[in-house]
Amino acid sequence: MRSSTVWDLVVPLKPLRLAKSRLAGAAGDAVRPGLALAFAQDTVAAALACRAVRAVTVVTDDPVAGAELAGLGARIVPDTPAAGLNAALAHGAAAIRRDAPDAAVAALGADLPALRPAELAAVLDAAAAAGRAFLPDAAGIGTTLLAAAAGLALAPAFGGPSRARHRASGAREIRTPGVDSVRRDVDTAEDLAVALGLGVGPRTALAASAAGLAGLARGAKRRGAEGAERQSAEGA
């Protein structure tokens with residue numbers, strides 16, 4: 001059901017030189033920062049194009065990322081707590097609500113390069129009906145989005161098995177189907193392969209191509225087809 005609620009998103013981004021370390025096997029230190037920036041750019045651009053989003057606040061101390069994301073229309077807030085992901089998210093949410101005390105606030109990962117505005121809108125509509133809610137990642141272990149309606153604390157608990165922590169905190173799990181792009185965060189080469197298969201934004205597509213990673217999607221599809229053939233043969 002379409003909601004009239006509009007959301008302010010807070011997106012955390014660590015310094016690019018430190019970002020996406022688990023991609024090191026596929027992308028070296030010279031490539032990873034550019035990929036991390038491209039992921040964030042495509043994430044923010046898609047979020048700003050979403051009908052349910054009023055504004056995007058990015059919490060980062062990286063000057064290059066800050067300039068690029070501000071150019072897309074995001075508000076940049078320095079990570080003054082410098083105390084990790086959840087502190088950055090709480091800081092961003094507080095900055096939003098200092099200006100708009102009744103804002104509905106949602107935390108969104110910066111590594112959703114296949115994000116579709118319509119799918120994000122569907123997730124946020126579901127969150128509006130729930131009050132405080134979260135969306136698990138594609139692996140079913142972590143969280144890609146945590147939302148808190150006006151008057152409710154965000155209380156982020158991201159990192160590792162955050163799905164269980166957010167559920168234990170009283171947040172409702174969003175079960176909206178057909179929102180794969182909002183659940184597909186990218187930490188590993190395998191994640192990037194799946195995201196490329198879904199269809200990533202233009203900056204990620206260009207960065208992946210320049211890094212020689214565009215073929216990851218074909219490899220993932222081939223492995224998926226081989227797995228399906230094995231299952232079919234075993235069931236015959």
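The values are calculated or read from the model by the stated rules, or taken from the named source; none is laboratory data. Here the structure is a predicted model, which means the values were calculated and not measured. Glycine gets a Cβ as well: all are built from the backbone with ideal geometry, and neighbour counts include every protein chain shown. For the accessible areas, the whole protein counts, side chains as well, though only heavy atoms, and no ligand, DNA or RNA atoms are used. Shrake-Rupley method; radii C 1.70, N 1.55, O 1.52, S 1.80 Å.
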| task | Calculate how steeply helix 63-72 sits against the longest principal axis of the alpha-carbon atoms of the chain, using the helix alpha-carbon long axis, and give the answer as 0 to 90 degrees to the nearest 10. | result | 80
| field | Cα long-axis angle, helix 216-235 against the chain (0 to 90 degrees, to the nearest 10) | value | 70
| request: Give me the distance between the Cα centres of region 158-183 and region 105-138, rounded to whole Å. | output: 9
| task | Pairs of Cα atoms under 8 Å, at least six residues apart: use those to get the relative contact order of the chain, whole percent. | result | 22
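How much accessible area per residue does region 50-179 have, in Å², with a 1.4 Å probe?
Working: 5150 Å² over 130 residues.
So region 50-179 comes to 40 Å² accessible per residue, rounded to a whole number.
With Kirkwood's inverse mean 1/r over C-alpha pairs for Rh, give me the Rg to Rh ratio of region 49-156, two decimals please. Write down the numbers at each step before the final one.
Details: Rg = 13.5 Å, Rh = 14.5 Å.
On the Cα set of region 49-156, Rg over Rh gives 0.93.
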| How compact and how long is the chain, expressed as Rg and Dmax of its alpha-carbon atoms in Å? | 17.6, 62
| Karplus-derived 3J(HN,Hα), 6.51/-1.76/1.60, for each residue of region 90-97, Hz, glycine and proline x | 5, 5, x, 5, 5, 4, 5, 7
| request: Determine how large the accessible area of ARG116 is when every protein chain is in place; take a 1.4 Å probe and give Å² rounded to the nearest 10. | output: 80
| said: Please list, ordered by chain and number, the residues whose modelled amide H lies under 5 Å from the amide H of VAL53; skip anything fewer than 5 residues away on the same chain. | reply: TRP7
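With n ≥ 4 as the cut-off for DSSP H runs, can you work out [θ] at 222 nm for the chain, using -39500 (n - 2.57) per run divided by the number of residues, rounded to the nearest 500? Walk me through the intermediate numbers first.
Working: 9 runs with 106 residues, N = 236.
My calculation for the chain gives -14000 deg cm²/dmol from helical runs alone.
Using per-residue counts of other Cβ atoms within 10 Å, averaged over each peptide, order 94-102, 42-50 from highest down. Provide the component values of the computation, followed by the final result.
Details: 94-102: 13.7, 42-50: 22.8.
My ranking of the peptides, most packed first, is 42-50, 94-102.
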| Given H placed on each backbone N at 1.01 Å, which residues far from ASP185 in sequence or on other chains put an amide H within less than 5 Å of it? | ALA138
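On the protein heavy atoms, probe 1.4 angstrom, tell me the percent of accessible surface of the chain carried by carbon and sulfur. Intermediate results must be reported in sequence, preceding the final value.
Numbers: 5800 of 10620 Å².
Ligands and nucleic acids excluded, carbon and sulfur reach 55 percent.
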| message | Assuming 0.36 nm per residue, please report the length gained on full extension of the stretch THR176 to ALA87 beyond their Cα-Cα distance. | response | 29.2 nm
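Could you tally the net charge around ARG75, taking each other residue with its Cβ under 10 Å from the Cβ of ARG75, Lys/Arg +1 and Asp/Glu -1? Walk me through the numbers before you get to the answer.
Working: positive: none; negative: ASP8, ASP99.
Taking every other residue near ARG75 into account, the sum is -2.
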| task | Note the angle between two axes, namely the Cα long axis of helix 32-48 and the longest principal axis of the Cα atoms of the chain, as a number of degrees from 0 to 90, rounded to the nearest 10. | result | 60
